[in-house]
Amino acid sequence: VLLFAFAERKYDATFYFLHLISVGGMVGAVMAADVFNLFVCLEILGLAAYIQIAYLQKGRALLASFHYLLVSSFGMMFVLLGILILYQQTGTLSLFDAGAYCAAHPEAVSPSRLAVGCVALIAGIGVRSAFLPFHAWLPHAHANAPHPVSAMLSGLVLKVSFIAIWRITQTFHQIALRPTLLWIGALTAVFGVVMALAQTDCKLLLAWHSISQIGYILASFGVGTPLGMTASFLHIINHALFKSLLFLCVGSVIHLTGERDLKRLGGLGRVFPWLTVAFVIGAASIAGVPPFNGFVSKQLMSASLQAVPLAAAALWLAGIGTIASFLKLSAIFRPRRVHVETPIRLPNLPYAAYAALLGLSALCVLSGAFGGSCANRVAELLFGSRLTEPLKLYSDSTIFHALMSLLFGIALFFGVMSPR
């Protein structure tokens with residue numbers, strides 16, 4: 001993201017200061033040992049994000065930033081309420097001590113009040129993760145932010161909030177909440193992709209896909225099995241790679257042409273072949289096409305959801321919609337039957353931008369090629385051991401499943417969406 005920001009050459013020291021503050025907030029939220037420091041780090045991250053979204057001081061960006069500020073502040077009120085309830089129940093703010101106290105003294109803790117406190121925390125932080133019904137702020141915030149900020153918001157900031165939810169759920173053993181999270185995730189995945197299909201603004205389409213992909217992560221986490229949680233965490237990593245890549249690719253197009261409406265874009269594949277290659281890798285990754293990284297985590301999710309076939313079917317439908325929507329977005333690079341005049345302001349992208357795009361592309365390819373090793377490494381970090389289930393990522397059945405999804409996605413695009 002920094003390489004791409006350098007390449008755009010329109011940000012001053014304030015932007016990079018805010019970037020580093022947001023990175024510090026993310027690191028603090030992941031490493032915080034108590035719930036109040038977690039709250040403080042999320043607020044630091046939020047403050048940096050509000051300003052970064054509105055950095056270019058354009059009308060829509062200012063409104064989107066203010067909307068995010070209001071909704072996020074309301075969510076943080078619930079976080080403080082949850083902290084108060086948990087402190088009343090355990091007498092400590094430490095995540096480690098509170099979890100140990102609940103396990104050692106179950107008679108001293110009210111399960112219902114503990115659950116209410118955890119729900120308040122999850123709902124408050126869930127505003128930052130943007131799953132249903134807390135998603136309304138995200139599309140315009142991501143779509144109108146500067147391109148590097150959009151990549152950061154989708155690739156990392158959303159995931160840090162989800163990791164905070166993960167830590168709270170695990171610490172206080174709120175197993176009863178998992179089915180709710182699973183179904184919210186499945187609905188979020190389908191809703192996000194349906195909304196993405198309706199967009200003609202290329203960044204807004206990607207923004208709705210951020211919501212959809214958070215649904216995948218939440219649904220797999222809600223399964224609660226080691227395989228499901230490994231798949232969820234692996235998709236956090238993979239999504240950070242391919243979604244940042246896609247936002248930077250589309251940002252490059254807007255930077256070069258000054259245009260973001262799909263109806264007015266087309267034929268850039270011949271002009272910018274390396275940019276097209278990067279986009280194809282990102283689109284294939286998010287669509288779950290083998291051998292890219294999205295295929296690996298989506299196959300693990302599918303395996304983890306075998307006991308919940310309706311939720312698995314919802315994610316499969318979301319995957320078909322994802323393929324169709326990225327075929328729609330690929331109109332930027334495909335030749336168009338109707339002549340589209342795209343003004344080119346610059347002869348090419350700077351080398352630093354290509355370094356960012358091709359670096360992320362390489363990571364998408366490598367993390368897909370070595371997907372089994374990555375999944376087992378994630379399982380070792382989470383649970384201290386490799387996955388007990390055999391990983392058959394590239395078996396005949398998984399390849400057939402991916403190809404069928406691809407064919408249905410193509411059929412949806414050409415049969416229903418009627419491309420010009």
Requested in this report: Pull up all non-local amide H partners of ASP34: gap of 5 or more, or a different chain, and H-to-H distance under 5 Å with H placed in the peptide plane.
Outcome: LEU95
Query - Three principal axis lengths of the chain [C-alpha, angstrom, descending] - result: 72, 52, 34
Report task. Only helical DSSP H runs with n ≥ 4 go in: add -39500 (n - 2.57) per run for the chain, normalise by residue count and round the 222 nm mean residue ellipticity to 500 deg cm²/dmol. Result -> -24500 deg cm²/dmol
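Expressed as a whole percentage, what fraction of the accessible surface of the chain belongs to carbon and sulfur atoms when a 1.4 Å probe is rolled over the protein heavy atoms?
Working: 12070 of 17370 Å².
Looking at the chain in its full context, I get 69 percent from C and S.
Solvent-accessible area per residue for the chain at a 1.4 Å probe radius, Å²?
On the way: 17370 Å² over 420 residues.
Each residue of the chain exposes 41 Å² on average to a 1.4 Å probe.
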Requested in this report: Subtract the Cα-Cα distance of ASN376 and PHE96 from 0.36 nm times their separation in residues, and report this length gain in nm to one decimal.
Outcome: 98.2 nm
Query raised in the report: Around SER161, with a cut-off of 13 angstrom between Cβ atoms, what is the net charge of the other residues, counting Lys and Arg +1 and Asp and Glu -1?
Result: +2
Query raised in the report: Using +1 on the beta carbon of Lys and Arg, -1 on that of Asp and Glu, and nothing else charged, what's the dipole of the stretch 223-360 about the Cα centre, debye to 20?
Result: 360 debye
Query raised in the report: Between MET77 and THR180, 0.36 nm times their residue separation minus their Cα-Cα distance comes to what?
Result: 34.9 nm
Query raised in the report: Expressed in nm to one decimal, what extension gain is obtained for the pair ARG113 and ARG334 from 0.36 nm per residue of sequence separation less their Cα-Cα distance?
Result: 73.9 nm
Query raised in the report: Farthest toward the dipole's positive end in the chain, which of LEU38, SER302, ALA411, given Cβ charges of +1 (Lys, Arg) and -1 (Asp, Glu) about the Cα centre?
Result: ALA411
Query - Virtual spin-label span in nm between TYR87 and ALA369, 7 Å along Cα→Cβ - result: 5.2 nm
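Taking 35 Å as R0, compute the FRET efficiency from the Cβ-Cβ separation of SER397 and HIS173 and round it to 0.05. Please report the intermediate quantities before stating the final value.
Details: r = 35 Å, r/R0 = 0.99.
Computed FRET efficiency for SER397 and HIS173 comes out at 0.50.
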Report task. Average the reciprocal distances over every distinct pair of alpha-carbons in the stretch 79-218, invert the result, and give the Kirkwood radius in Å. Result -> 16.0 Å
Query raised in the report: Which order, highest average first, do 351-360, 204-213 follow once you tally other Cβ atoms within 10 Å for each residue and take the mean per peptide?
Result: 204-213, 351-360
Query raised in the report: Using the beta-carbon distance between MET404 and ALA355 and R0 = 45 Å, what value does 1/(1 + (r/R0)^6) give for FRET efficiency, to the nearest 0.05?
Result: 0.80
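The values are calculated or read from the model by the stated rules, or taken from the named source; none is laboratory data. This one's a predicted model, so the numbers in the text were calculated from it and none came from an experiment. Quick reminder, even Gly has a Cβ in these numbers, built from the backbone with ideal geometry, and neighbours come from all protein chains shown. Areas reflect the complete protein model, heavy atoms only, side chains present, ligands, DNA and RNA absent. Shrake-Rupley method; radii C 1.70, N 1.55, O 1.52, S 1.80 Å.
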